[in-house]
Amino acid sequence: ASKPAEIKTKSGAKASMRSTSPSKARRHTSRGASGGTGALISAGFDAHVRDPLAEQSLEAEDFAWATRAIVAVANRHCGGKIVSSLEGGYDLAGLAASALAHVRALRAA
């Protein structure tokens with residue numbers, strides 16, 4: 001497993017995330033019936049600034065930014081095929097805003 005890296009998001013918040021090499025990411029994609037690959041997003045929003053547990057300060061736009069970055073990788077490596085699964089968060093307002101931003105970024109792709 002990779003070590004968490006601290007990043008600065010579009011809004012200037014600091015967050016930690018794990019990164020992986022493109023070759024490792026390709027190994028973690030799923031095979032579809034057509035033989036193509038796809039990206040799987042486990043979309044959790046508990047890093048939102050309003051969330052009481054995560055102690056991170058991401059805003060809804062930060063999740064949209066991350067989604068757009070994943071879409072760009074999926075477009076390059078697997079024909080844009082993406083499945084996103086909602087994991088949640090603990091603050092309903094933060095969860096709603098972040099999930100909406102995530103879905104809008106997916107739809108804009």
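Read the figures in this text as sums done on the coordinates, not as results from a lab. None of these values were measured; they are calculated from a predicted model. Using ideal geometry, Cβ is built from the backbone for each residue, glycine included, and neighbour counts are taken over all protein chains shown.
A cut-off of 5 Å between modelled amide H atoms, ignoring neighbours fewer than 5 places along the same chain, links residue 84 with 41.
Ordered by packing density, taken as the mean number of other Cβ atoms within 10 Å over each peptide's residues, highest first, how do 56-63, 71-78, 41-48 rank?
On the way: 56-63: 20.9, 71-78: 15.5, 41-48: 19.2.
Packing order, densest peptide first, comes out as 56-63, 41-48, 71-78.
Kirkwood Rh, Cα Rg: Rg to Rh for the range 45-109?
That ratio is 1.01, to two decimals.
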